[in-house]
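The values are calculated or read from the model by the stated rules, or taken from the named source; none is laboratory data. Predicted model, so just to flag it, every value in this text is computed and none were measured. Positions of Cβ are generated from backbone atoms using ideal geometry, with glycine treated the same way; all protein chains shown enter the neighbour counts. Accessible surface is based on the protein model in full, side chains and every heavy atom, while ligands, DNA and RNA are left aside. Shrake-Rupley method; radii C 1.70, N 1.55, O 1.52, S 1.80 Å.
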Amino acid sequence: MKNETKGKQLGKDYALIILGATLVALSYNMFLLPSKLAAGGISGVSTVLNEMFGWSPSVTQFLINAPIFVIGWLIMGKDFGFKTLVGTFWVPFIIGLTANIPYTITNPLLGAIYGAIVLGAGLGIVYRGGGSTGGTAAIAQVLKKATGLSSGYSQLAVDGIVVVSSIIVFNLELTLFALMCIYLTSKVIDKVQLQTTSSKLILIITENEANVQRMIREDLDRGLTKVRSVGGYSNQDKTMILCVAEQTEAVKLRNMLLTEEPTAFVVFLNASEILGRGFSLDKYYGQKL
C-alpha cells in the first residue's frame, strides 16, 4: 500500500514537471523570443545568440544544458536527479516542437507581462513536482561554492549577467522589460508554489475563551488551537485562540466578535497554503467526498 501511494505521488510529480516544462517552453516561443526579451537563464542566452547568429534556440538550449546538467549532477548529487533530467531536456524539446507556433506576441510590454505569468506558472508547477529545468541553477551553485555567496545572490548574479549583456545586442528599453519580466516571474512562482488562497489565519486573544470557542466550533464548524498567554500590560492570564477559516467564514467571525466580544484582540492574516483537515484533507475523519 505504501509503495502504491509512493508510486502515485511519483507519477503525479512527473506529470507536474512535464506540464510545467511545457508552459516554460510555450512562454519562450509565444512571448519572450518574439519580443526579444532575454529574461535571464539559458533561455535568455539562446535569445541573444538567436539574434546575433540566427542559431536555433532549442538546439542552443540543449547543447548548453547538457554540460550544465553534468556539472549540476556532480555538485548536487542525487538531489539533481531524474526529475531535473526530465525538466532540463523537455523544455528545449517542446521549444523545437512549437518553433513555428502561429500565436506570438511581439510587443515587449505584453511579452514581459504575459511571458512572466506563463513562465512563472510553468516554473512553479515544475518546482511543486520537485523538479527543475536545470540551466543557470547549476551555474549558480558553482558560483556559490566558489565565492561563498548565498543561493539567491548567486542566482541573481548569473541571471543579471545574461540580462545586462542583452544591452549589447538589443537596447536599454528591451533590457528593462526583461528585468521587469524576471521580477514578475519570481512573484508568480511564489504564488504557484504556495498555492496562495483566500484563507485567513485568525489570532484571537480573549478572556472569554468559552464564548469564542463556541462561535468557531458551532457557527463556523471549524477547529481551533488554544495557547495560554499572559498580557504584557495587564500581566493577566489570557487565552490566544488560533483558527484558520475561509474568507467568507472569517468575515462572519469578525462580525460576531465585534458584536459579542468587542474587547477581544483579533488579528487576521493571509494564509498562503493550508495543509490539514478541512483544507487539503477531508473535513471529518472517515468522510469520503
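Here are the numbers for the structure shown:
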read-out: Cβ-Cβ under 9 Å pairs, at least 6 apart or on other chains, the stretch 265-278 side farther than 20 Å from residue 191 by Cβ, far side at pLDDT below 75 and open to solvent by less than 80 Å² (accessible area, probe 1.4 Å); value: 277/283
read-out: Test: residue in the stretch 219-227 that is assigned to a loop (DSSP other than H, G, I, E, B), among the acidic types (Asp, Glu) and either open to solvent by 50 Å² or more (accessible area, probe 1.4 Å) or touching a Leu at 6+ places or on another chain (Cβ under 7 Å) (or both); value: yes
read-out: Selection count where residues are of a type in the set (A, V, I, L, M) and open to solvent by less than 50 Å² (accessible area, probe 1.4 Å), scope the stretch 90-107; value: 4
read-out: Lone qualifier among 273, 260 - being modelled with pLDDT of 85 or more and on the phi < 0 side of the Ramachandran plot; value: 260
read-out: Residue 102 being at pLDDT below 90 and outside any helix (DSSP H, G or I); value: yes
read-out: Members of the stretch 208-225 that are among the hydroxyl-bearing types (Ser, Thr, Tyr) and modelled with pLDDT of 90 or more; value: none
read-out: Residue match in the stretch 92-99 (condition: more than 20 Å from the chain's Cα centre (by Cα), at negative phi and not in a helix (DSSP H, G or I)); value: yes
read-out: Members of the stretch 243-269 found to be assigned to a helix (DSSP H, G or I) and either open to solvent by 90 Å² or more (accessible area, probe 1.4 Å) or of a type in the set (Ser, Thr, Tyr) (or both), listed by number; value: 248, 252, 254, 258, 259
read-out: Condition broken by residue 52, with the remaining ones in (1) modelled with pLDDT under 85; (2) more than 25 Å from the chain's Cα centre (by Cα); (3) closer than 29 Å to residue 170 by Cα satisfied; value: (1)
read-out: Residue ID - farthest from residue 54 (Cα to Cα), chosen from residues in the stretch 166-207 that are at pLDDT 80 or above, open to solvent by 60 Å² or more (accessible area, probe 1.4 Å) and part of a loop (DSSP other than H, G, I, E, B); value: 207
read-out: Those residues of the stretch 59-89 which are surrounded by 16 or more Cβ atoms within 10 Å (Cβ to Cβ), over 21 Å from the mean Cα position of the chain (by Cα) and at pLDDT 80 or above, in sequence order; value: 60, 61, 62, 64, 65
read-out: Close pairs (9 angstrom Cβ cut-off, 6 or more residues apart or separate chains): within 18 Å of residue 248 (Cα to Cα) in the stretch 201-224, assigned to a helix (DSSP H, G or I) and among the β-branched types (Val, Ile, Thr) anywhere; value: 202/216; 204/212; 204/216; 222/216; 223/216; 224/212; 224/216
